[in-house]
Structures are given as structure tokens and as C-alpha cells.
Amino acid sequence: MLQARLAISVLFLLCGLNFASWATRIPDFKEFLSLSDAELGSILMGLPIGSMVSLPLAGWLIARYNSKIICLLAVVLYILILPALTLISSSLFLFIGLFSFGMAGDILNISMNTQVVTLEKLTNKKTMSSLHAIFSIGLMLGSLLGGYLVKSDITLELHFYLIAICNAVCIIGVYSYLLTDSKNTNQESEAVQAKFKLNNYLLILSFVAFCGMLCEGAMADWISLYFKLLPNLEGLPFTIGFSSFAFSMVIGRLLGDWAAKHISIRNILMFNGILIAIGMSITVLFTQVHVMIFGCFITGLGISTIVPMIYSQAGNTQDTSPAMAIAAVSTIAYVGFMLGPVVIGFLSEYFGLQHALVLLIILGILASGISKFVLSKD
């Protein structure tokens, strides 16, 4: 099981690395295509739309075939799409490229999370949150690498080709160690496969995930641009806020499995929302760079365990397969991820980016309130 866990960890690392590589280069695309904030927000919608479109497809593919082969498919798509993004010369092609990038990302997302559910059942241990921490490590490494390469004037083309090669080497090395899904995950009746639906409990969890994913999408796509607008970064790269955010996501998710054993999911999610509200309040209300970096750190802690906790809950429901349940919950959550960058873009166009980010404070309070007053104590 150790080899399987390491292999799954590599997939989570790649997923984070790929996304962060794109996120750190958003300013390059904005400048190259001469986009306004509103235009960029609209184009960024391509990525989460691709994600959302692929969610039911990924669930069906995994239920029909096997999450192991679908993991391979997703990484191959990344290997093809990353170099293609370097050839983009118009807003339309960037939208199409991000749509494809989003599809690859969520096919990998659902398949590797299904691998985790299988691993948890075989070992009878909670590992979802700690494996999501590996995703956050990938985000952090990708953001640090991206910031370094931008500062060193390394071209976008070389950057993305290196990441594509990294994907190829890693999937070749780990594929044979991935798990084969259990029979009730892989070979389901038509009745079970058709249950792409949510009970009331999962619906509430999905809405909390919606708030968390909207905040995560907004942070990923806009926080580096927000820091780039600061008059004095004191010699720090403009990706430092995103790096701090990603680092705290690692810490939060490493602690998540322990928290799941000792604290109810209701209380964890309530605390998550409070941290998001506090962290973003610090980020937008203060002007000192190091204080703002700390605000990003607190925000990351708040967002960190929302998705892994909810995915683990969804993957263990009794009336549907793990892949289909995760895909169903993710469909609602990824609507938030889709809307976040777009809404922030349009709000920024009219009110400024600083005021637009106040939306994340409101969402943190909303997520905390729903968790405390609506979610079951069980």
C-alpha cells in the first residue's frame, strides 16, 4: 500500500504543479493579449467551464472503466495541452485552451480522488486530507518555480515544456503502482450509475464547498495580480501572496486527517469559514506587504480542508459509487470555482480589485454560518 500511496501522491503533486504553472503566468497572458480585468475574467471562465463539463464525464468513465486508466488519460491530456498553450495568439484560443486545460484537470481530479477512496477502504485509514496536502505542495512549488522563472526572464514556452516533460516522466514511473478500483466502484449496475444526485446532507456540504471553491478560484487567479499592483513589494516576487496561500493549504491539509478523527465536520467547516473571513480582511484592509502575506496564509488555512473533507464524505455514501458521488458534489462546487474569477474580474472593473476581493470575506462568513446553523451535528 505504501507504493500505491506514493503513486497517488505523485498525481496530486502533478495536479497542483500544473495549475500553479498556469496561475503564475496569467499576468503574461493578460499583458500579451492586452486584456482588461473584465475581459480576463471572462476568458478565465474557460477553465472552470471545462472542469464542470468534464465532471459527469469523468464519473461515468471511471464507473465504466477504471480510475487507474483514467488517471493516465488525464496526464496525457496535460502533456499535450501545456505546450499548446504557448502557441495561443488570441482571446478565443486562450478560452479554448483553458477549457481543455480545465477538462484535463478535473478528469485527473475525480480519478485520483477515486484512487484515494479505494486506498482508504483497503487500509481503513483516513488519508484524503493529507493527500490533498500534496496537491497544495504542488501548488506551492509551482508558484515558487513560476515566480523564479518569471523573475529570471525564462520564456513561457520553456516553462510549460519543462512542466509537460515532468508530467511524462512521472506518469511513466508511477502508473504501474496505481490501484485497481474495487468491484462495487468499477462494475456497477445501471441503476447505481444513474444516481448522479445528492441527498439533503450532501447538498448542504456541496454549497459550503461552492463557497470554498469560489474563494480558492479567486485566490488562484487574482491574488498574484493584486500583489503586482502594490507600489512596493520590497524586492519580493509578485507571486509571494499566492505562495503563502499555497503553503498554508499544505499545513492545513496535513492536519486535516487528524482533525477529521477528533472534530466533527460541522465544526471544521464552521472554523474554515471564519478563517477565510479573517484572512481576507487582513489582506484587503492592510497595506504592509508582510501583513498581507500573513492574511493570504490565514485564508489558505481556511480553504484548505473544505474540499478534502467533503470529498471524503461524498466518497463514502452508500447509495452511489465513489466516483459518481464525488463528481456530483464537485459539479456544484466547481460552479463556484467557475464564477469566482469571473465575478472578481467584473467587480474589479467597476470597483477596483481591492474592493472586489471583499466578496471572499462575505463568502467565508456565509460558509461558517451555514455550517453552524444548517449542517447536522452528526
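The values are calculated or read from the model by the stated rules, or taken from the named source; none is laboratory data. As the structure is a prediction and not an experimental result, all values here were calculated from the model. Don't worry about glycine lacking a Cβ; one is built from the backbone with ideal geometry, like all the others, and counts go over all protein chains shown. To get the accessible areas, we keep the full protein, side chains included, count just its heavy atoms, and leave off ligands, DNA and RNA. Shrake-Rupley method; radii C 1.70, N 1.55, O 1.52, S 1.80 Å.
A few remarks follow.
- Phi to ³J(HN,Hα) by Karplus 6.51 cos²θ - 1.76 cosθ + 1.60 over segment 218-225, Hz, x for Gly, Pro: 5, 5, 5, 8, 10, 5, 5, 5
- Here the peptides 255-261, 64-70 are ranked by packing, the mean other Cβ count within 10 Å, and the order with the highest first is 64-70, 255-261.
- For segment 296-313 and segment 115-151, distance of Cα centres in Å: 12 Å
- Applying a threshold of 31 Å to the alpha-carbon distances of Lys126/Lys151; Lys68/Lys261; Lys125/Lys228; Lys121/Lys372; Lys126/Lys372; Lys68/Lys126 flags Lys126/Lys151; Lys125/Lys228 as lying beyond it.
- Nonpolar atom fraction for the chain, defined as the carbon and sulfur part of the 1.4 Å probe accessible area, stands at 69 percent.
- Contact order relative to length of segment 234-361, as percent, for alpha carbon pairs under 8 angstrom and 6 or more apart: 28 percent
- Taking the Cα centre of the chain as reference, the dipole from Cβ charges on Lys and Arg (+1) and Asp and Glu (-1) amounts to some 1000 debye.
- Relative contact order (percent, whole number), the chain, Cα cutoff 8 Å, 6+ residue spacing: 27 percent
- Distance between segment 328-370 and segment 44-98 - C-alpha centres, whole angstrom: 23 Å
- At a probe radius of 1.4 angstrom, the accessible area of segment 253-313 per residue rounds to 39 square angstrom.
- Note, ³J(HN,Hα) from phi for segment 350-357, Karplus 6.51, -1.76, 1.60, rounded to Hz, x at Gly and Pro: 9, 10, x, 5, 4, 5, 4, 5
- Placing +1 on each Lys and Arg Cβ and -1 on each Asp and Glu Cβ, with no other charges, gives segment 56-181 a dipole about its Cα centre of roughly 360 debye.
- Accessible-area ranking of Ser100, Ser330, largest first, probe 1.4 Å: Ser100, Ser330
- Among 247-254, 204-211, 226-233, the order from most to least packed when residues are scored by Cβ within 10 Å on average: 204-211, 247-254, 226-233
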